1. Among the residues of region 89-144 satisfying the criterion of being in a helix (DSSP H, G or I) and either out of contact with any helix residue (DSSP H, G or I) (no Cβ under 6 Å at 6 or more places or on another chain) or without any contact (Cβ under 8 Å) to a residue 60 or more places away in the chain (or both), which is least open to solvent (accessible area, probe 1.4 Å)?
2. Is at least one residue of region 220-237 at pLDDT below 95, farther than 28 Å from Ile194 by Cα and charged (D, E, K, R)?
3. Which one is farthest from the chain's Cα centre (by Cα) among residues in region 199-218 that are small (Gly, Ala, Ser) and part of a loop (DSSP other than H, G, I, E, B)?
4. What pairs can you find where one residue is in region 218-238 and over 18 Å from Leu323 (Cα atoms), the other is part of a strand (DSSP E or B) and aromatic (Phe, Trp, Tyr), and their Cβ atoms are less than 9 Å apart, with a gap of 6+ or different chains?
5. Limited to region 219-251, what total is found for residues that are open to solvent by less than 70 Å² (accessible area, probe 1.4 Å) and either part of a strand (DSSP E or B) or in contact with a Phe, Trp or Tyr (Cβ under 9 Å, 6 or more places away or on another chain) (or both)?
6. For region 145-167, how many residues are modelled with pLDDT of 90 or more and either within 18 Å of Thr68 (Cβ to Cβ) or crowded, with 22+ Cβ neighbours inside 10 Å (or both)?
7. What number of residues within region 261-284 are assigned to a loop (DSSP other than H, G, I, E, B) and surrounded by 18 or more Cβ atoms within 10 Å (Cβ to Cβ)?
8. Residue by residue through region 92-117, note down the ones that are touching a Ser or Thr at 6+ places or on another chain (Cβ under 7 Å), farther than 19 Å from Thr26 by Cα and not charged (D, E, K, R).
Amino acid sequence: MSGTPPEPDRSAAGQPELDPYSRTVTEVAAELTPRVAALQVLRRGRGGWFASGTGSAVVFTEDGFLLTNAHVVGHADAGTLAFGDGTTAPFHTIGADPLSDLAVLRADAATPPPVRLGDAAALLVGQLVVAVGNPLGLAGTVTAGVVSALGRSLPARTGTATRIIDDVIQTDAALNPGNSGGALATAAGEVVAITTAVAGNGLGLAVPINATSRRIITTLLSDGRIRRAYLGLAGVPAALPPALRARTGRKDGMRVVEVVPGAPAARAGLRAGDLLLTAAGQPVADAQALQRLMLADAIGRPLALTALRGEALVDVIATLAELPADD
């Protein structure tokens, strides 16, 4: 009897068949990993330019445009991309929108083929999603989980600045700051969101790819910036009290979680805990209903809001401000 344990069978015939979950995750990872780059931005400091800040970016066009988070790029105009096959490419920033936390980059060299973009509007709570990032150049960092919630609107802080990221996807797929700007994909391999790790609180969040974000991306490609009206509150969908539901025929409103100090919502008198019912006379049941009103032509104009506070209806008028470019 030999005292040496047998070597494992590494032939194709000896490979165990993967379970469906593992097979799905590995297939998505194999498809997306080459298309997600590590990103390092260039910032000006004492003595000149230096590299700092890391994140991920996703190739989404054949001609070398990439999506990432606005907070990853910050005010940087340029930087370097590194792909999983070892190739690198310089990039320049086309534009960024802090309110959606999306930014568009252009690689100044050849890139891998683009990912397939899907539609986050079709997502369901409990659906399997796979997050693929390239944190700190560790290509192919993959986590998997489910969609935990949809339509979140949460505050994010960078230094002393506070902004509100609307209509985000919450997932239990583990994320870290290096994953910011990476891909969140369905089991079919379609990228339905760009991951962001700035909200904290133990939440995995991602900016959805939907009709609203596609318009933002198109505008960034053409104009390099987004002029946005700004209300300055964070909220989550919440059920209406039974009596109000019976009276209005509606099921949901939006519970105000936080009001940014000094923002138009705060100046109008809205408070955390208010249940927002309507804006401009239209029902508000989630953050996207408000986001659709935050267009450039709404800047400086009054917006009528109705909220339930305790058992009383409260009507306020907020004069929308322009979201500062350096927010």
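1. Initial filter on region 89-144 (in a helix (DSSP H, G or I)): 120-122, 135-137.
Then keep just the ones that are either out of contact with any helix residue (DSSP H, G or I) (no Cβ under 6 Å at 6 or more places or on another chain) or without any contact (Cβ under 8 Å) to a residue 60 or more places away in the chain (or both); that gives 120-122, 137.
Details: Ala120: 10, Ala121: 82, Ala122: 75, Gly137: 47 Å².
Once the filter is applied, the top-ranked residue is Ala120.
2. Checked region 220-237: no residue is at pLDDT below 95, farther than 28 Å from Ile194 by Cα and charged (D, E, K, R).
3. Step one: list which residues in region 199-218 are small (Gly, Ala, Ser), which gives 199-200, 202, 204, 206, 211, 213.
After this cut, where a residue has to be part of a loop (DSSP other than H, G, I, E, B) as well, the list is 199-200, 202.
On the way: Ala199: 10, Gly200: 13, Gly202: 15 Å.
Within region 199-218, the match that is farthest from the chain's Cα centre (by Cα) is Gly202.
4. Partner pairs satisfying both residue conditions: Leu221/Phe65.
5. Matching residues across region 219-251 total 9.
6. Looking only at that region, the number is 1.
7. Keep residues of region 261-284 that are assigned to a loop (DSSP other than H, G, I, E, B), which gives 261-263, 269-274, 280-281, 284.
Now restrict to residues that are surrounded by 18 or more Cβ atoms within 10 Å (Cβ to Cβ): 263, 270, 274, 284.
The qualifying residues number 4.
8. Here is the first cut: in region 92-117, the ones touching a Ser or Thr at 6+ places or on another chain (Cβ under 7 Å) are 100-103, 105, 114.
Remaining after also requiring farther than 19 Å from Thr26 by Cα: 100-103, 105.
Once the filter is applied, which keeps residues that are touching a Ser or Thr at 6+ places or on another chain (Cβ under 7 Å), farther than 19 Å from Thr26 by Cα and not charged (D, E, K, R), region 92-117 yields Ser100, Leu102, Ala103, Leu105.
The values are calculated or read from the model by the stated rules, or taken from the named source; none is laboratory data. Note that the coordinates shown come from a computational prediction; the quantities given were computed from them, not determined experimentally. Cβ coordinates were reconstructed from backbone atoms using ideal geometry, including for glycine residues, and neighbour counts include every protein chain displayed. Heads up: the accessible areas ignore ligands, DNA and RNA and are worked out on the full protein's heavy atoms, side chains in. Shrake-Rupley method; radii C 1.70, N 1.55, O 1.52, S 1.80 Å.
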